[in-house]
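Heads up, the thing below is written out as structure tokens.
The values are calculated or read from the model by the stated rules, or taken from the named source; none is laboratory data. Bear in mind that the values here come from a model prediction, so they are computed numbers and not experimental data. Glycine gets a Cβ as well: all are built from the backbone with ideal geometry, and neighbour counts include every protein chain shown.
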Amino acid sequence: MPVGTLPTNPLYEDFHDRAVRRPDAPALHWHDTVVDYGGLAALAELAYAELAAHPGGPVALPARKSPRAIALVLACLRAGRPLLLVSESLGRRTLNELVERAGCGWLAEAGEHTTDWTDLGPAGPGAPVLDPATAGLVLTTSGSTGTPKLVPLGAAALDRFTRWAHERFGLGEGRTVLNYAPLNFDLCLLDIWATLRAGGCAVLVDPEHAVDPRRLAELFERTRPQVVQAVPMLFRILAEAGTAPVPEVRHVVLTGDHTPLPVRRALPGLFPSAEFHSVYGCTETNDSFLHTLGPADLTEGGTVPLGRPLPGVRTALAGPDGPDGPDGPDGTLTGAGTGELLVATPFQTDGYLADGAPGGRFTTGPDGTRYFRSGDLVSRAEDGTLTLVGRTDFQVKVRGVRVSLEEVERVLLGHPEIAEAGVLALPDRAAGVRLHAVVRRRSERLNSLALRAYCAERLSKAAIPAAFRLTGDPLPSTSTGKVDRGRLRAELLEEST
Amino acid sequence: MSVATVIKQHIVSEYAPDTSVDELPSSYDLLDTGLVDSLALLGLITWVGERFGVPVDEVEISPDDFRSVDAILRFIEITKSA
């Protein structure tokens with residue numbers, strides 16, 4: 001297809017314009033080097049030529065961060081060549097399954113100096129034909145169980161999202177943005193792709209250094225970002241290491257998790273000139289809500305609300321039986337209550353790719369809106385304020401009462417003597433299920449009796465764990481710093497047999 | 001050993017093995033805190049009956065009689081003197 005007939009990709013076009021007008025402006029910080037727009041555009045030109053030399057089918061890119069990997073993404077956007085960005089830590093089998101399902105023709109492994117291309121052969125008969133209009137960039141869900149799902153994002157969704165991020169956080173020339181997330185995460189749409197479109201500079205944190213407080217502090221010291229987006233873990237690491245304040249930071253965007261109170265309290269000290277925002281979203285819909293933290297959010301316990309829907313975002317709460325209940329999608333809650341959050345955003349995917357149920361997590365509302373079923377349990381107060389309760393997956397029934405394991409964990413984490421908490425529902429012959437809490441305490445002064453009394457003041461009786469284990473050792477954790485429930489469960493089950 | 005200490009020792013070893021007798025206040029609410037749940041309550045009543053020779057099958061018992069160590073002490077005293 002001649003280049004002239006391709007629809008232009010606004011994200012790439014804007015990047016290209018910046019590179020032509022200000023080739024010497026910094027585009028990326030990577031390790032000790034700064035890549036300017038001219039340099040990145042040259043790498044993208046090279047990648048574009050390599051892409052043309054490896055024709056046929058979408059490209060799969062394991063998301064190892066490097067300027068070359070970023071250049072390849074830009075080249076794919078320019079060429080209208082669908083690109084599957086996958087975690088670099090996937091097992092071989094999962095990777096093979098994903099590239100096959102997406103019908104990828106090539107596996108491109110971008111290193112520091114070269115890109116290795118592996119011919120994956122012709123796509124299987126059932127492979128989808130990807131249209132860059134609806135599947136320019138294909139991300140994956142990050143569930144810890146089962147094969148990830150393929151989430152295609154179209155050019156228009158990327159366009160709308162990067163424009164929103166640009167305006168909301170004042171991205172642009174002279175603005176430096178810290179990119180903490182791995183390259184395959186949707187968070188990069190803000191901190192890398194919106195930044196490059198706007199003419200700013202993205203500081204790429206090498207995932208190998210992501211939990212090293214000394215290197216992180218050095219990176220802040222050297223690059224002085226104005227916008228920082230990350231999971232709470234980054235801020236916990238910085239706070240615990242006593243990192244020096246970074247007054248240049250204007251916006252801190254907290255994502256992916258509840259930010260524990262001790263971390264919230266440490267934020268103003270770390271970033272004395274910043275506004276703090278908590279963002280709610282997922283790969284399927286991208287950012288959906290934003291809450292700018294007030295003084296009380298930064299000092300007091302309790303949950304931070306989801307905040308206001310971003311422009312163009314529509315939401316509903318499914319009733320207790322969910323959209324599959326007898327009421328159907330009309331059974332949404334109108335007043336106060338708790339239910340699964342349904343959300344529709346201008347940035348969302350059209351549905352999973354090559355999936356038995358591509359629209360399985362989507363439902364059409366009474367007004368025709370195509371909602372994503374978030375799987376998140378959200379409660380709405382009388383005044384309309386929405387707060388996240390937990391995952392519907394982590395909702396269990398204890399003696400007939402619905403309990404959110406995550407809510408119990410949050411209450412435990414609100415105790416000043418508790419550093420980490422994991423709550424699990426384990427089968428019990430007499431009671432059906434029993435809640436087990438495992439907590440890492442900061443001092444031996446705290447015992448299970450005091451903790452029970454603390455819970456009794458804050459939780460319904462069914463939600464008070466039947467068993468407490470207090471330890472001084474760190475709990476098993478996942479790569480994103482969350483408590484690893486799977487391993488905790490295995491440990492508890494092993495002990496009880 | 002006082003009656004209170006015997007009761008506390010039993011409760012602590014059964015339901016809060018990470019703690020010691022001194023850490024359990026006599027007024028601690030055993031029921032609202034879930035330390036003694038409805039199943040465990042039956043076991044506790046039986047134990048009190050056997051340990052202190054209280055005819056628990058013959059008297060009317062309300063859960064409040066077992067709400068705290070203090071309550072259990074009062075319950076034993078009243079039933080034995082009745």
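Yes/no per residue for (1) farther than 29 Å from A:ARG402 by Cα; (2) in contact with a helix residue (DSSP H, G or I) (Cβ under 7 Å, 6 or more places away or on another chain); (3) modelled with pLDDT under 85:
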site: A:PRO305; (1), (2), (3): no, no, no
site: A:GLY312; (1), (2), (3): yes, no, no
site: A:ASP324; (1), (2), (3): no, no, yes
site: A:LEU341; (1), (2), (3): no, no, no
site: A:ALA344; (1), (2), (3): no, no, no
site: A:GLN348; (1), (2), (3): yes, yes, no
site: A:ASP355; (1), (2), (3): yes, no, yes
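What pairs can you find where one residue is in segment B:10-23 and away from chain A (no Cβ under 11 Å) and over 15 Å from B:GLY34 (Cβ atoms), the other is of a type in the set (Gly, Ala, Ser) and crowded, with 16+ Cβ neighbours inside 10 Å, and their Cβ atoms are less than 9 Å apart, with a gap of 6+ or different chains?
If the second residue must be of a type in the set (Gly, Ala, Ser) and crowded, with 16+ Cβ neighbours inside 10 Å, no pairs are left.
Here's a check for you: in segment A:12-67, which residue that is charged (D, E, K, R) and in contact with a strand residue (DSSP E or B) (Cβ under 7 Å, 6 or more places away or on another chain) is surrounded by the most Cβ atoms within 10 Å (Cβ to Cβ)?
Within segment A:12-67, the match that is surrounded by the most Cβ atoms within 10 Å (Cβ to Cβ) is A:LYS65.
Would you confirm, using the coordinates I've provided, whether A:VAL423 is within 14 Å of chain B (Cβ to nearest Cβ) and in contact (Cβ under 8 Å) with a residue 60 or more places away in the chain?
no
What number of residues in segment A:279-301 are within 18 Å of A:PHE347 (Cβ to Cβ), touching a Leu at 6+ places or on another chain (Cβ under 7 Å) and small (Gly, Ala, Ser)?
1
Per-residue answers, yes or no, for (1) more than 14 Å from chain B (Cβ to nearest Cβ); (2) among the small types (Gly, Ala, Ser); (3) in contact (Cβ under 8 Å) with a residue 24 or more places away in the chain:
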| position | (1), (2), (3) |
| --- | --- |
| A:VAL433 | no, no, yes |
| A:ARG441 | no, no, yes |
| A:LEU451 | no, no, yes |
| A:ALA456 | no, yes, no |
| A:LEU459 | no, no, yes |
| A:PRO465 | no, no, yes |
| A:ASP473 | yes, no, yes |
| A:THR478 | yes, no, yes |
| A:GLY481 | yes, yes, yes |
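All but one of (1) in contact (Cβ under 8 Å) with a residue 12 or more places away in the chain; (2) under 23 Å from A:THR94 (Cβ atoms) hold for A:PRO125, so report the exception by its number.
Here A:PRO125 meets the rest and fails (1).
Does A:VAL411 fit the bill of being surrounded by 16 or more Cβ atoms within 10 Å (Cβ to Cβ), at pLDDT below 85 and within 25 Å of A:VAL279 (Cβ to Cβ)?
No.
Condition check ((1) in the same structural domain as A:PRO132 (by TED's automatic domain parsing); (2) at pLDDT 95 or above; (3) touching a Phe, Trp or Tyr at 6+ places or on another chain (Cβ under 6 Å)) across all residues:
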residue: A:THR223; (1), (2), (3): no, yes, no
residue: A:VAL227; (1), (2), (3): no, yes, yes
residue: A:GLY242; (1), (2), (3): no, no, no
residue: A:GLY269; (1), (2), (3): no, yes, no
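Limited to segment A:82-94, what total is found for residues that are in contact with a strand residue (DSSP E or B) (Cβ under 6 Å, 6 or more places away or on another chain) and surrounded by 19 or more Cβ atoms within 10 Å (Cβ to Cβ)?
Final tally of qualifying residues: 4.
Per-residue answers, yes or no, for (1) over 17 Å from A:GLY335 (Cα atoms); (2) surrounded by 17 or more Cβ atoms within 10 Å (Cβ to Cβ); (3) free of Cβ contacts under 8 Å to residues at least 40 places away in the same chain:
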| position | (1), (2), (3) |
| --- | --- |
| A:THR349 | yes, yes, no |
| A:GLY356 | yes, no, yes |
| A:THR363 | yes, yes, no |
| A:ARG373 | yes, yes, no |
| A:SER379 | no, yes, no |
| A:GLU382 | no, no, no |
| A:GLY390 | yes, yes, yes |
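Quick check on my filter: what residues within segment B:24-53 are more than 13 Å from chain A (Cβ to nearest Cβ) and assigned to a loop (DSSP other than H, G, I, E, B)?
Of everything in segment B:24-53, just one residue is more than 13 Å from chain A (Cβ to nearest Cβ) and assigned to a loop (DSSP other than H, G, I, E, B), namely B:GLY53.
Evaluate segment A:134-143: report whether one residue or more is more than 17 Å from the chain's Cα centre (by Cα), touching a residue at least 12 places away in the same chain (Cβ under 8 Å) and surrounded by fewer than 17 Cβ atoms within 10 Å (Cβ to Cβ).
No, segment A:134-143 has no match at all.
Which of (1) part of a helix (DSSP H, G or I); (2) within 14 Å of chain A (Cβ to nearest Cβ) does B:PHE75 not meet, given it meets every other one?
Unmet condition: (2).
Condition first: out of contact with any Asp or Glu (no Cβ under 9 Å at 6 or more places or on another chain) and among the polar types (S, T, N, Q). Can you find one or more residues in segment A:447-469 that meet it?
Yes.
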